[in-house]
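The values are calculated or read from the model by the stated rules, or taken from the named source; none is laboratory data. What you see is a predicted model, and the numbers here were worked out from it, not measured in a lab. Positions of Cβ are backbone-derived with ideal geometry, glycine not excepted, and every protein chain shown enters the neighbour counts.
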Amino acid sequence: MKTPPAHRFNPRPSASASFSFLFLLILLPVAVAVPTAPAAPFTRDLGEGLVYHRITTLPTDLPTAEAARKLPCVLDLRFVQGNAAAGTALDAWLKFRATSRAPVLLLINAETAAPVLAPLAARLPSTGLVVIGTASPGLTPDLALKLAPDEERRAYDALAAGAAVESVLNDSPEKIREDEVLLAKEHRSRPTPAYPFSDDPPDDPPSTTPTKPVVPPIDSALQRAVHLHRALKALKKL
């Protein structure tokens, strides 16, 4: 009985093994670059079926849910940076997403990267897309606004810091709350206490004046987008 020949080591790997090895090398940098916990999308409910989406990274932050595609939305591109590829991705998303019944109200400003907006400048006017904001090097807004850059930035940051949507949209004067009025009346009706005779002056009584909360500036661009949406609803356009 012949002994089977010993297995000989082949120093040249097969074609399939080489392909698998190269595929792993290609995927390795991608796997390292993918974050383990992607940031949650920045969205806010603006009422009456209008949703706010803040974009900080393109195309990652663009909403893709099927339910969102059927709703009007505000897409905030202010202060966004990006290259031509990001602009192409945005343009493709808008062509798929913006319709006359579910328009996209696009917020831009002078700090929105020109390459991001360049593809939009070449598009024909669309009933599903309205650009709102200050003049940008890459695109002329449909509704041009003149805003102080520092106030726009503070309002933009306030929403990210946790301010309520109403606080950056409501520009009506603040009214004194009823309980604060009653508190002031009670304070005035109290008799002045008689302090005992002493060489030391009496301590000042504690102040009952309520502390006025810090109110963020109005986000005029976002406010204009909300007003436009409400007008379209009133005209039965949505």
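With closer than 19 Å to Val80 by Cα and either modelled with pLDDT under 95 or of a type in the set (D, E, K, R) (or both) as the only criterion, which of Thr127, Thr140 stands out?
Of the residues listed, the single one that is closer than 19 Å to Val80 by Cα and either modelled with pLDDT under 95 or of a type in the set (D, E, K, R) (or both) is Thr140.
Has the stretch 94-109 got any residue that is over 26 Å from Leu147 (Cβ atoms), under 17 Å from the mean Cα position of the chain (by Cα) and of a type outside the set (D, E, K, R)?
Scanning the stretch 94-109, I find no residue that is over 26 Å from Leu147 (Cβ atoms), under 17 Å from the mean Cα position of the chain (by Cα) and of a type outside the set (D, E, K, R), so the answer is no.
Quickly run through the stretch 117-157 and pick out the residues that are part of a loop (DSSP other than H, G, I, E, B) and over 30 Å from Pro216 (Cα atoms).
Correct list: Ala122, Arg123, Leu124, Pro125, Ser126, Thr127, Gly128.
Within 30 Å of Ala234 (Cβ to Cβ), touching a His at 6+ places or on another chain (Cβ under 9 Å), of a type outside the set (D, E, K, R) and not in a strand (DSSP E or B) - does that describe any residue in the stretch 93-116?
yes
Quick one: in the stretch 115-139, of everything that is in contact with a Pro (Cβ under 9 Å, 6 or more places away or on another chain) and surrounded by fewer than 15 Cβ atoms within 10 Å (Cβ to Cβ), which residue is nearest to Lys95 (Cα to Cα)?
Thr127
This table checks each residue for (1) out of contact with any Asp or Glu (no Cβ under 7 Å at 6 or more places or on another chain); (2) assigned to a loop (DSSP other than H, G, I, E, B); (3) closer than 29 Å to Arg154 by Cβ; (4) touching a residue at least 24 places away in the same chain (Cβ under 8 Å).
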| site | (1), (2), (3), (4) |
| --- | --- |
| Pro59 | yes, yes, yes, yes |
| Val74 | yes, no, yes, yes |
| Gln81 | yes, yes, yes, yes |
| Ala85 | yes, no, no, no |
| Ala89 | yes, no, no, yes |
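Taking Asp142 as the residue in question, decide whether it is surrounded by fewer than 16 Cβ atoms within 10 Å (Cβ to Cβ) and touching a residue at least 24 places away in the same chain (Cβ under 8 Å).
Details: surrounded by fewer than 16 Cβ atoms within 10 Å (Cβ to Cβ): yes; touching a residue at least 24 places away in the same chain (Cβ under 8 Å): no.
No: the conditions fail for Asp142.
Hey, does the stretch 84-93 have a residue that's modelled with pLDDT of 85 or more and closer than 29 Å to Ala164 by Cβ? Step through it out loud before you land on a result.
Taking the stretch 84-93 first, the residues modelled with pLDDT of 85 or more are 84-93.
With closer than 29 Å to Ala164 by Cβ added as a condition, the list becomes 90, 93.
So far as the stretch 84-93 goes, yes, one or more of its residues are modelled with pLDDT of 85 or more and closer than 29 Å to Ala164 by Cβ.
Listed here are the residues, each with its yes/no results for (1) in contact with a strand residue (DSSP E or B) (Cβ under 9 Å, 6 or more places away or on another chain); (2) closer than 15 Å to Gly128 by Cβ.
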{"site": "Phe42", "(1), (2)": "yes, no"}
{"site": "Pro59", "(1), (2)": "no, no"}
{"site": "Glu66", "(1), (2)": "no, no"}
{"site": "Cys73", "(1), (2)": "yes, yes"}
{"site": "Gly87", "(1), (2)": "no, no"}
{"site": "Leu94", "(1), (2)": "yes, yes"}
